[in-house]
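A.B. asks: What follows is a single structure, and I will ask about it in a moment.
The values are calculated or read from the model by the stated rules, or taken from the named source; none is laboratory data. Note that the structure is a prediction, hence the values are computed from the model and not measured. Because the Cβ atoms are built from the backbone with ideal geometry, glycine has one as well, and the counts that use them run over all protein chains shown. Side chains included, ligands, DNA and RNA excluded: accessible areas come from the protein's heavy atoms. Shrake-Rupley method; radii C 1.70, N 1.55, O 1.52, S 1.80 Å.
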Amino acid sequence: MPNQSLQSPKADILVIDDTPENLNLLSAMLTEQGYKVRSVTKGSTGLRGANAAPPDLILLDVNMPEMNGYVVCQHLKANDRTREIPVIFISALGDVLDKVKAFAVGGVDYITKPFHLEEVLARIDNHLTIRKLQKQLQAQNERLQQEIHDRAKAEEKFTKAFRSSPNPIAIATVTEARFIDVNPSFLRMSGYLLDEVVGHTITELDLGKDVGAIAKTIQLLLDTGSLHNQEFEFSTKFGEVKTILLSIELIDLSGVQCALLIANDITERKRLENEFISLVSHELRTPLTSTMGALDLLGAGQLGNLTPQGQKFLSIATTNTERLIRLVNDILDLERMKSGKIFMRKVNCNAAELLITATEAMQAMAEKSQVKLIVNPLDIQLWADPDRLLQTLTNLLSNAIKFSAPGDTVRIGATLPDYESDKSKENEPATTDYLLITIQDEGRGIPEDKLQLIFERFQQVDASDSRNKGGTGLGLAICRNIVQQHDGKIWVQSILGEGSTFYVLLPLASFK
Ligand code: ADP
């Protein structure tokens with residue numbers, strides 16, 4: 001074994017034997033085989049050595065004067081640091097080896113004189129291998145124990161957070177929207193018991209008021225992976241309708257695609273907000289009307305002629321008062337629509353006439369903004385409230401003009417959608433009993449994350465829009481409300497910097 005000295009030793013072996021010939025013989029034999037050998041002649045010295053630097057294996061003579069091998073072995077096994085070291089007993093020629101005792105005190109094997117080199121090496125090698133495997137198993141076991149412990153802790157943390165969260169939380173499968181688990185806050189909000197919810201779908205429990213909105217949300221979730229603060233109407237077990245903000249995250253549970261839903265019950269907040277808005281709006285209307293009357297009187301020169309600077313200030317005051325009145329009227333309009341205080345007066349009306357009237361109404365604004373207005377009417381009957389539809393179309397046209405640059409074109413047109421060839425509208429009603437009105441501009445466009453948000457009240461792409469463009473942030477919320485009350489749909493597609501297209505889908509008269 002010429003290179004043995006250059007390699008690291010195979011293992012560290014401690015030989016405890018009071019017979020120098022034995023010691024020398026074994027040391028030479030094992031060193032020759034590449035083992036690192038420490039040899040001592042006394043049991044007590046061996047115990048100290050083993051405790052100071054535990055070897056991988058001990059060869060222990062049975063018969064020693066001061067402390068015999070059995071006692072040494074008992075000490076080794078009583079000590080945590082040396083307990084696991086395999087001990088092989090050696091019995092010299094003529095010694096009596098009590099094999100049963102050797103095993104009873106913790107020995108793993110024995111060798112008797114005369115030694116056969118191969119046999120000694122094979123036994124040592126065997127026990128070293130067993131010890132090595134034992135160590136590996138122990139390490140693996142410790143790792144597993146640690147992992148189990150860590151997981152249990154993580155699970156405990158998660159379970160505690162899940163169970164005691166003040167926010168209602170639910171986990172449901174994505175394919176069927178079937179509940180897997182819900183927390184106590186969710187049960188409190190919904191009025192159900194745990195086993196009335198778990199295993200049932202959202203539709204079975206009739207939790208969502210708008211089934212179409214649920215399907216759309218699931219599709220959007222699959223496309224984007226997560227949704228934040230989406231507003232939903234939620235029906236409780238007792239038929240109470242609550243408004244919730246829902247954040248949803250896609251998660252994988254043992255290979256099943258699930259949705260983690262975290263809700264925020266904003267019913268009370270909404271009620272107070274609505275109450276506050278309508279109260280303030282009503283209170284504002286009276287003083288605004290008299291302010292406007294006073295400004296009109298001033299403008300008509302009934303209180304004497306104004307200087308040019310006076311005229312300028314009067315004009316600023318009038319513009320801003322008009323804007324405030326518009327805002328208050330819009331808020332009141334929306335509130336009345338939402339609370340069902342405004343009914344749509346639906347009649348048979350002609351789509352072409354509506355589109356042309358809306359275009360004519362916006363012509364002056366378009367010219368002022370140097371925007372070209374093109375109308376493509378379709379002669380077909382609609383079942384609608386013509387005044388409210390005009391309000392919607394003029395609002396959409398006004399926005400399109402407002403956000404266009406001079407020289408741009410705004411197009412309004414109507415078609416009968418062909419759903420067979422347009423798979424992208426899978427969530428829309430698959431019928432041609434609908435009319436699709438499009439209002440298309442070449443303006444600044446709308447960022448993707450604002451495409452849905454702008455239909456909520458007071459939501460604008462840019463906070464400066466109301467200042468710079470004179471809007472209130474309520475127009476699209478009103479449009480959506482009117483369209484929904486016609487059993488229709490409104491949405492927008494846009495490319496930033498290239499323009500936007502607003503779509504209004506409405507049922508035809510024959511469909512009603
Ligand atoms: P506003 O009175 O502010 O126009 P709307 O509810 O009608 O209120 O519109 C909300 C916001 O949506 C606008 O302030 C604007 O940021 C954005 N928006 C609406 N229409 C368009 C459009 N055609 N092009 C670009 N942005 C638009």
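A.B. asks: Would you please name the residue that is nearest to the ligand (Cβ to nearest atom), looking only at residues in the range 374-397 that are modelled with pLDDT of 95 or more and out of contact with any helix residue (DSSP H, G or I) (no Cβ under 6 Å at 6 or more places or on another chain)?
C.D. replies: Across the range 374-397, the extreme among qualifying residues is Leu396.
A.B. asks: Moving to a separate point now. Does Leu227 meet the test of being free of Cβ contacts under 8 Å to residues at least 12 places away in the same chain, under 25 Å from Gln452 (Cβ atoms) and hydrophobic (A, V, I, L, M, F, W, C)?
C.D. replies: Here the answer is no, as Leu227 does not meet what is asked.
A.B. asks: Could you list, in sequence order, the residues of the range 197-243 that are among the hydroxyl-bearing types (Ser, Thr, Tyr) and under 21 Å from the mean Cα position of the chain (by Cα)?
C.D. replies: Filtering the range 197-243 for residues among the hydroxyl-bearing types (Ser, Thr, Tyr) gives 201, 203, 217, 224, 226, 235-236, 243.
Residues satisfying the conditions are Thr201, Thr217, Thr224, Ser226, Thr243.
A.B. asks: Would you say Glu231 is surrounded by fewer than 17 Cβ atoms within 10 Å (Cβ to Cβ) and modelled with pLDDT of 85 or more?
C.D. replies: Numbers: surrounded by fewer than 17 Cβ atoms within 10 Å (Cβ to Cβ): yes; modelled with pLDDT of 85 or more: no.
Taking the combined requirement at face value, the residue does not satisfy it.
A.B. asks: If you scan the range 481-503, which residues turn out to be among the small types (Gly, Ala, Ser) and out of contact with any Ser or Thr (no Cβ under 9 Å at 6 or more places or on another chain)? It would help to see each step written out before you state the result.
C.D. replies: To start, the set of residues in the range 481-503 that are among the small types (Gly, Ala, Ser) comprises 488, 494, 497, 499-500.
Passing the criteria: Gly488, Gly497.
A quick yes/no check of all residues on (1) open to solvent by 70 Å² or more (accessible area, probe 1.4 Å); (2) more than 46 Å from the chain's Cα centre (by Cα); (3) free of Cβ contacts under 8 Å to residues at least 24 places away in the same chain:
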| site | (1), (2), (3) |
| --- | --- |
| Val105 | no, yes, no |
| Asp109 | no, yes, yes |
| Leu121 | no, yes, no |
| His127 | no, yes, no |
| Ile130 | yes, yes, no |
| Leu137 | yes, no, yes |
| Gln146 | yes, no, yes |
| His149 | yes, no, yes |
| Lys153 | yes, no, yes |
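A.B. asks: Kindly evaluate Lys132 against the criterion of being of a type in the set (Lys, Arg), out of contact with any helix residue (DSSP H, G or I) (no Cβ under 6 Å at 6 or more places or on another chain) and under 20 Å from Asn22 (Cβ atoms).
C.D. replies: Details: of a type in the set (Lys, Arg): yes; out of contact with any helix residue (DSSP H, G or I) (no Cβ under 6 Å at 6 or more places or on another chain): yes; under 20 Å from Asn22 (Cβ atoms): no.
No.
A.B. asks: Would you check which residues across the range 482-511 are in a helix (DSSP H, G or I) and surrounded by fewer than 21 Cβ atoms within 10 Å (Cβ to Cβ) and list them? Break it down into steps so the answer makes sense when it comes.
C.D. replies: Taking the range 482-511 and keeping what is in a helix (DSSP H, G or I), we get 482-484, 509-511.
Scanning the range 482-511 gives Gln484, Ala509, Ser510, Phe511.
A.B. asks: Residues in the range 342-358 that are free of Cβ contacts under 8 Å to residues at least 40 places away in the same chain and part of a loop (DSSP other than H, G, I, E, B): how many?
C.D. replies: Selection size over the range 342-358: 2.
A.B. asks: So how many residues does the range 44-55 have that are open to solvent by 50 Å² or more (accessible area, probe 1.4 Å) and assigned to a loop (DSSP other than H, G, I, E, B)?
C.D. replies: Residues flagged as open to solvent by 50 Å² or more (accessible area, probe 1.4 Å) and assigned to a loop (DSSP other than H, G, I, E, B) within the range 44-55 amount to 1.
A.B. asks: Moving on. Within the range 26-43, take every residue that is assigned to a helix (DSSP H, G or I) and without any contact (Cβ under 8 Å) to a residue 60 or more places away in the chain and give me the one that is least open to solvent (accessible area, probe 1.4 Å).
C.D. replies: Gly43
A.B. asks: Working carefully through the options Leu23, Leu14, find the one that is in contact with a helix residue (DSSP H, G or I) (Cβ under 9 Å, 6 or more places away or on another chain) and either under 20 Å from Lys135 (Cα atoms) or open to solvent by less than 50 Å² (accessible area, probe 1.4 Å) (or both).
C.D. replies: None of the other options fit; the residue is Leu14.
A.B. asks: What pairs come up if the first residue lies in the range 266-289 and is more than 22 Å from Arg323 (Cβ to Cβ), the second is modelled with pLDDT under 85 and open to solvent by 90 Å² or more (accessible area, probe 1.4 Å), and their beta carbons are under 8 Å apart, counting only those six or more places apart or on different chains?
C.D. replies: As it stands, the answer is Asn274/Lys338, since those pairs meet every condition given.
A.B. asks: Go through the residues of the range 184-195 one by one and say whether even a single one is part of a strand (DSSP E or B), within 19 Å of the chain's Cα centre (by Cα) and closer than 19 Å to Ile262 by Cβ.
C.D. replies: No, the conditions are met nowhere in the range 184-195.
A.B. asks: So, one more: Please go through (1) open to solvent by 40 Å² or more (accessible area, probe 1.4 Å); (2) more than 10 Å from the ligand (Cβ to nearest atom); (3) under 23 Å from His486 (Cα atoms); (4) modelled with pLDDT of 95 or more for Ala358 and return the number of the only condition it doesn't satisfy.
C.D. replies: In the conditions (1) open to solvent by 40 Å² or more (accessible area, probe 1.4 Å); (2) more than 10 Å from the ligand (Cβ to nearest atom); (3) under 23 Å from His486 (Cα atoms); (4) modelled with pLDDT of 95 or more, Ala358 misses (1) alone.
A.B. asks: Now for a separate question. May I ask you to say which residue of Gly225, Gly239 is on the phi > 0 side of the Ramachandran plot and at pLDDT 90 or above?
C.D. replies: On the way: Gly225 fails: at pLDDT 90 or above.
Going through Gly225, Gly239 in turn, just one is on the phi > 0 side of the Ramachandran plot and at pLDDT 90 or above: Gly239.
A.B. asks: What's the number of the only condition in (1) touching a strand residue (DSSP E or B) at 6+ places or on another chain (Cβ under 8 Å); (2) surrounded by 11 or more Cβ atoms within 10 Å (Cβ to Cβ) that Gly191 fails to meet?
C.D. replies: (1)
A.B. asks: Kindly indicate which of Ile331, Ile342, Ile277, Ile325 is in contact with a Lys or Arg (Cβ under 6 Å, 6 or more places away or on another chain), at pLDDT below 90 and within 19 Å of Leu474 (Cα to Cα).
C.D. replies: Only one candidate passes the filter, namely Ile342.
A.B. asks: Out of curiosity, is Leu60 modelled with pLDDT of 90 or more and under 18 Å from Pro9 (Cβ atoms)? Walk me through it before giving the result.
C.D. replies: Numbers: modelled with pLDDT of 90 or more: yes; under 18 Å from Pro9 (Cβ atoms): no.
The answer is no for Leu60.
A.B. asks: If you don't mind, another one. How many residues, within the range 166-177, are open to solvent by 70 Å² or more (accessible area, probe 1.4 Å) and over 22 Å from Thr243 (Cβ atoms)?
C.D. replies: Quick first cut of the range 166-177, residues open to solvent by 70 Å² or more (accessible area, probe 1.4 Å) only: 166, 175-176.
Narrowing the set further to residues that are over 22 Å from Thr243 (Cβ atoms) leaves 175-176.
The number of residues fulfilling the criteria is 2.
A.B. asks: Quick one: in the range 414-443, which of the residues that are open to solvent by 80 Å² or more (accessible area, probe 1.4 Å) and of a type in the set (A, V, I, L, M, F, W, C) is modelled with the lowest pLDDT?
C.D. replies: Only one residue tops the list, namely Ala430.
A.B. asks: Could you look through the range 362-373, keep only residues that are within 16 Å of the ligand (Cβ to nearest atom) and open to solvent by 50 Å² or more (accessible area, probe 1.4 Å), and pick out the one that is farthest from Ser500 (Cα to Cα)?
C.D. replies: Met365
A.B. asks: Another one. Of the residues Leu314, Leu250, Leu298, Leu327, which single one is open to solvent by less than 70 Å² (accessible area, probe 1.4 Å), in a helix (DSSP H, G or I) and touching a residue at least 40 places away in the same chain (Cβ under 8 Å)?
C.D. replies: Every option except Leu327 fails the conditions.
A.B. asks: Just to be sure I understand, how many residues within the range 379-413 are open to solvent by 40 Å² or more (accessible area, probe 1.4 Å) and farther than 20 Å from Asp487 by Cα?
C.D. replies: 7
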